[in-house]
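Report on one structure; see the data block that follows.
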Amino acid sequence: MSRPGAIMSDNVTRRVRTRFAPSPTGFMHIGNLRTGLYAYMFAKKNGGDFILRIEDTDQERYVEGAVEKIYSTLVKAGLDYDEGPDKDKGFGPYVQSERKPLYKEYAEKLVELGGAYYCFCDKERLESLADENGVKKYDKHCLQLSREEVDAKLAEGKPYVIRQNIPQGEGESSYNDLVFGDVSVAYADMEDTILLKSDGMPTYNFANVVDDHLMGITYVIRGSEYLSSTPKYNLLYDSFGWERPVYMHLSPIMKDATRKLSKRFGDANFEDFIARGFLPQAIINYIALLGWCPKDNREKMTLAEMIEAFSTDGISISASIFDEMKMRWLNGEYLKELSDDEFYRLGKPYFDASKAKGYDFKKIALLLKTRVDILSDIPSKVDFLAEYSEFDQNIYLHQKMKVDLEVAKKSIEISISALENLTDWTNQVLFETFVAAAEANAMKKGQILWVVRIALTGQLVTPGGASEMAEILGKAETLKRLKFAFSRI
Ligand code: GLU
């Protein structure tokens, strides 16, 4: 039985195999990516395989380009899958829509085994099942059909679906989730859901079981929205006589105490964060911590370090709250570690997008590397180079400054005369010049440095100190701005 997709012998050694099974419905949501990350880390930690499967059976939710997004996200995030649509190791196809014949074959097999049955009920009949709350629980009507009746209807070409045959009466289906512990659902609370639709496409309820089994998945790691349907899926494994996988369900990521993180609440997707200048390694590091904590509580870790530290007992059962400020902080830490060249290379599009033109961005990048948390902070830090005409003396009266205007004016005057004959226009020399000017005039060096920094930029928060700003602006522009500020006080 070497045909791809053949039923595996249950004697096959259960090598650890996890999968990431995104649906191509748009951008890669941070919650989905975290699921993929945990599945990846678990596989790698245990020397196993990480498989990518595209779950595209729901044609209505399919979004053009979404599959490409899945690939590019995994590549950028460094989650290198061992098997997937473009890496078939004999378990393919890895795209559900290409597996359509398999689902039919297995659904029919399940009917033979008694775990499922054909249903020919039409829409009207199904509608009529609604109870006073509008709930339409299927009543197993078609389970009564004899084999001959079923065959006759099939021969007639009557449209049909295949439904799961949930055991009747008392009893429950239980399993032990590695995160949530024991989970049980009574048969009475389950429904004979559709496994194969009338168009021959499987529902998630069926496809996840068939595929996980055929792909030899030993650990199913996915969102907790599937926690309570899993007992039902396990009944399918049992009916087929297949070994159940081990499950790990992950709690949702929340925006706050009551709201789930979702597209509706801002940009909770990987691509948007990348576009805003977050580094992939910082995003991955941060989202790993949403629901998992290493034993030593470390926060900043490379992917390799996280794999090393990964363990299921560190996974939290409670929902985690996405804290963008914390991810910004972490990203800033990663930016500081970049080489100057790398920072400049990554920051270049943001410098180019700023209003400042004609400046030496390479030099400015050196200043900014330790002063921005995300790359998209760059334009707001350098726009002062272009925008200056609005300088307003009131900035000195701001509560954060509280500089006496007389002192400000004097500081600027002193600086102008100290700088006018200066030829060595470098940060170091400029700094010493300001300090010397302060001393010579019995002023505190801070007074001059603060006043000049603001006079040069028109901003309270600047990417560097007075001497650094002056160096970047160059002599002519520095003197021009100091004189302008002087005239405005
Ligand atoms: N396609 C499903 C989803 O995106 C995957 C669920 C699973 O991992 O089994 O929610």
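The values are calculated or read from the model by the stated rules, or taken from the named source; none is laboratory data. Predicted, not measured: the structure shown is a model, and the values here were computed from it. Every residue, glycine among them, receives a Cβ derived from its backbone with ideal geometry; neighbour counts consider all protein chains shown. Remember, those area values only see protein heavy atoms, side chains included, never the ligands or the DNA or RNA. Shrake-Rupley method; radii C 1.70, N 1.55, O 1.52, S 1.80 Å.
Hey, could you check region 395-423 for residues that are acidic (Asp, Glu) and at pLDDT 95 or above and say which is nearest to Lys475 (Cα to Cα)?
Once the filter is applied, the top-ranked residue is Glu420.
Scanning region 208-257 for residues that are of a type in the set (Asp, Glu) and more than 14 Å from the ligand (Cβ to nearest atom), which turns out least open to solvent (accessible area, probe 1.4 Å)?
Asp256
If you scan region 236-272, which residues turn out to be touching a residue at least 12 places away in the same chain (Cβ under 8 Å), more than 24 Å from His213 (Cα to Cα) and of a type in the set (Phe, Trp, Tyr)?
Phe270, the sole residue that qualifies.
Which ones in region 416-441 are open to solvent by less than 80 Å² (accessible area, probe 1.4 Å), over 14 Å from Glu471 (Cα atoms) and not in a helix (DSSP H, G or I)?
If the condition is that a residue be open to solvent by less than 80 Å² (accessible area, probe 1.4 Å), over 14 Å from Glu471 (Cα atoms) and not in a helix (DSSP H, G or I), then Asn441 is the only one that fits.
Where the second residue is of a type in the set (Asp, Glu) and in a helix (DSSP H, G or I) and the first is in contact (Cβ under 8 Å) with a residue 24 or more places away in the chain and within 11 Å of the ligand (Cβ to nearest atom) and lies in region 24-51, which pairs have Cβ atoms under 9 Å and are six or more apart or on separate chains?
Pro24/Glu68; Met28/Glu271
Looking only at region 58-75, which residues are open to solvent by less than 90 Å² (accessible area, probe 1.4 Å) and part of a helix (DSSP H, G or I)?
Answer for region 58-75, where residues must be open to solvent by less than 90 Å² (accessible area, probe 1.4 Å) and part of a helix (DSSP H, G or I): Ala66, Val67, Lys69, Ile70, Tyr71, Ser72, Thr73, Leu74.
Cβ contacts < 8 Å: first residue touching a residue at least 12 places away in the same chain (Cβ under 8 Å), restricted to region 142-166; second residue basic (Lys, Arg), any location; separation 6+ or different chain. Result?
Between residues of region 142-166 that are touching a residue at least 12 places away in the same chain (Cβ under 8 Å) and residues that are basic (Lys, Arg), the close pairs are Cys142/Arg163; Leu145/Lys153; Tyr160/Lys153; Val161/Lys197; Gln164/Lys232; Asn165/Lys140; Ile166/Lys232.
Looking at region 185-205, which of the residues that are within 16 Å of the ligand (Cβ to nearest atom) and within 21 Å of Glu172 (Cβ to Cβ) is least open to solvent (accessible area, probe 1.4 Å)?
Leu195
Determine the pairs where a residue that is over 18 Å from Leu303 (Cβ atoms), located within region 67-86, has a partner that is at pLDDT below 95 and in a helix (DSSP H, G or I) with Cβ atoms under 7 Å apart, the partner being 6 or more residues away or on another chain.
What qualifies is Lys69/Glu271.
Would you tally the residues in region 81-96 being surrounded by 14 or more Cβ atoms within 10 Å (Cβ to Cβ) and modelled with pLDDT of 95 or more?
Residues flagged as surrounded by 14 or more Cβ atoms within 10 Å (Cβ to Cβ) and modelled with pLDDT of 95 or more within region 81-96 amount to 10.
Have a look at Thr218, Thr193 and point out the one that is closer than 25 Å to Trp292 by Cα and of a type in the set (S, T, N, Q).
That would be Thr218, the only listed residue that is closer than 25 Å to Trp292 by Cα and of a type in the set (S, T, N, Q).
Restricting attention to region 335-348, which residues are assigned to a helix (DSSP H, G or I), in contact (Cβ under 8 Å) with a residue 24 or more places away in the chain and surrounded by 14 or more Cβ atoms within 10 Å (Cβ to Cβ)?
Within region 335-348, Leu335, Phe343, Leu346, Gly347 qualify.
Of the numbered conditions (1) at positive phi; (2) open to solvent by less than 40 Å² (accessible area, probe 1.4 Å), Lys369 fails exactly one; give the number of that condition.
Against the list (1) at positive phi; (2) open to solvent by less than 40 Å² (accessible area, probe 1.4 Å), Lys369 comes up short only on (1).
What number of residues in region 149-168 are out of contact with any Gly (no Cβ under 8 Å at 6 or more places or on another chain) and open to solvent by less than 40 Å² (accessible area, probe 1.4 Å)?
Count: 5.
Please report, ordered by residue number, the helices (runs of 4 or more DSSP H) entirely within region 442-489 with at least 2 residues that are open to solvent by 30 Å² or more (accessible area, probe 1.4 Å), modelled with pLDDT of 90 or more and farther than 19 Å from Lys369 by Cα.
445-457, 475-488
For region 407-432, what are the residues that are of a type outside the set (A, V, I, L, M, F, W, C) and within 26 Å of Leu397 (Cα to Cα)?
Lys409, Lys410, Ser411, Glu413, Ser415, Ser417
Quick check, is Ser146 hydroxyl-bearing (Ser, Thr, Tyr) and surrounded by fewer than 12 Cβ atoms within 10 Å (Cβ to Cβ)?
Judged against the criteria, Ser146 is a match.
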